[in-house]
């Protein structure tokens, strides 16, 4: 939900009024009651997913975040943009766009998981960690020295890693790899894209190493992914 007010209840329980940007999810085991509070309506996006992988996303990534089945999100417009682009892909109804849709959906889940408001340092989220994560998302091709970043933020290495995982949802190096492979997936969709060129763009001199990491994160080898987007 990007804007507006929503009445929200689960399994026939008391409904609450939610009036801030948030992400919410459903699971077949539960019954949900929700809708706009007044005639002004609400601005929201949604997508229905199914299958084993989808169930794991919900049960292992989303449901542990909150027993209320929703969480506030710190970057609502970014999340909304991801939803709009996912819906645009799905409305084309072309099987060859499926890998792109999956990658976009996983980015949405990653953004939601990364927005989990776990109390940190007395309930505050470390602004320096948030800013660093935003920089990594924007420029994943850069080489980062996370030990140096910890010193810059006046944190011990262990405390920095703990804060990063709790606030962002992944360890720093794993988060960097995820951001790199998402950017690689988008780059491979462009006309005349080549695996070797994309690998170099992301800072990998060895295309074989890049291919191994890409398959680990995206689920298919980059050459196979590239063939899903014939030039």
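The values are calculated or read from the model by the stated rules, or taken from the named source; none is laboratory data. Remember, it's a predicted structure, so these values are computed and weren't measured experimentally. So basically every Cβ, Gly included, is an ideal-geometry build from the backbone, and we count neighbours across all protein chains shown.
Residues checked against (1) surrounded by fewer than 15 Cβ atoms within 10 Å (Cβ to Cβ); (2) at pLDDT 85 or above; (3) within 21 Å of the chain's Cα centre (by Cα):
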| position | (1), (2), (3) |
| --- | --- |
| 164 | no, yes, yes |
| 167 | no, no, yes |
| 172 | no, yes, yes |
| 189 | no, no, yes |
| 197 | yes, yes, no |
| 205 | yes, yes, no |
| 212 | yes, yes, no |
| 220 | no, no, yes |
| 229 | no, no, no |
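Summed over the range 131-152, the residues that are surrounded by 12 or more Cβ atoms within 10 Å (Cβ to Cβ), outside any loop (DSSP other than H, G, I, E, B) and under 20 Å from the mean Cα position of the chain (by Cα) give a count of 6.
Scanning the range 31-56 for residues that are more than 24 Å from the chain's Cα centre (by Cα) and either without any contact (Cβ under 8 Å) to a residue 12 or more places away in the chain or in a loop (DSSP other than H, G, I, E, B) (or both) gives 31, 37, 38, 39, 40, 41. Restricted to the range 64-102, and to residues there that are more than 13 Å from the chain's Cα centre (by Cα) and in a loop (DSSP other than H, G, I, E, B), the residue that is farthest from residue 8 (Cα to Cα) is 94.
What pairs can you find where one residue is in the range 145-171 and in contact (Cβ under 8 Å) with a residue 40 or more places away in the chain, the other is part of a loop (DSSP other than H, G, I, E, B) and buried (at least 16 other Cβ atoms within 10 Å of the Cβ), and their Cβ atoms are less than 6 Å apart, with a gap of 6+ or different chains? Close Cβ pairs satisfying both conditions: 163/126; 167/125. Per the listing 176, 155, the residue uniquely in a loop (DSSP other than H, G, I, E, B) and touching a helix residue (DSSP H, G or I) at 6+ places or on another chain (Cβ under 8 Å) is 155.
Being modelled with pLDDT under 80 and in a helix (DSSP H, G or I) is a property that does not hold for residue 105.
Annotation: of all residues in the range 11-20 being in contact with a strand residue (DSSP E or B) (Cβ under 7 Å, 6 or more places away or on another chain) and under 23 Å from residue 108 (Cα atoms), the one that is surrounded by the most Cβ atoms within 10 Å (Cβ to Cβ) is 18.
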